[in-house]
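Beneath this line is the structure, given in structure tokens, with notes to follow.
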Amino acid sequence: MPAIARWGRLSRILAVLLTLSTESAQGAAPEGCSDIAVRVDIQGDVVRVAAELGVSASARELWDVLTDFEHLPRFISNITSSKVLFREGNVVRVSQTGKTSIGPFTFEFQSVRELILTPFERFESRMLSGNMKRFHGITQIETAEGRTRLRYKSEAVPDTSLPLSLGRSMIESETREHYQEICKEVSRRKNLAIGG
């Protein structure tokens, strides 16, 4: 396969991983967030991502943002469309498209995921179609001592190999940005509720 084709395919895989996101890295947290930690482990063709952060909001306030699938493009910068295809009981299917930039290049991606929701506590996500051979993720929300914590873990198998150094740092950075944007939206909604 020519190098340009491999790069394009790799970039699309990274874009999907970054969206379904989400070594230890710490970053400055926006208002309403604390202690955003992201770990990425790439072993062979398996990519594991773990993220954890504190949120100054109730479990319900955080849940409402995380599961506002139709409006994700308004506050998650790399998602261009997000549509609920199916909803029955606690099962939801979501189709998403988006784009990510790597240096001067911009790449588009798409995925269809099925999520099993346990309101205000957790959801599990698995990819039905998209740019990966396999994806499974779990997002958990825990509240203790008036503080809400989000924990995210995923395991994915892209349909191409990832260069270890490029993949890890990009996934860490984009996962952190993803959760910063979620925190900003939680904070924005809380401020609207207080002011309005």
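The set of residues in the range 105-131 being in a loop (DSSP other than H, G, I, E, B) and buried (at least 19 other Cβ atoms within 10 Å of the Cβ) consists of Asn131 alone. Looking at Thr106, Thr139, Thr80, Thr100, just one residue is at pLDDT below 95, closer than 19 Å to Ile171 by Cα, touching a helix residue (DSSP H, G or I) at 6+ places or on another chain (Cβ under 8 Å) and hydroxyl-bearing (Ser, Thr, Tyr), and that residue is Thr100. Could you please tell me which pairs satisfy a Cβ distance under 8 Å, a separation of 6+ or placement on different chains, a first residue in the range 69-89 that is within 13 Å of Ile182 (Cβ to Cβ) and assigned to a strand (DSSP E or B), and a second residue that is small (Gly, Ala, Ser) and at pLDDT below 95? Taking only residues 6 or more apart or on different chains, the pairs are Ile79/Gly98.
The values are calculated or read from the model by the stated rules, or taken from the named source; none is laboratory data. The model shown is predicted, which means the values in this text are computed figures rather than measured ones. Ideal geometry is used to build each Cβ from the backbone, glycine not excepted, and the neighbour counts take in all protein chains shown.
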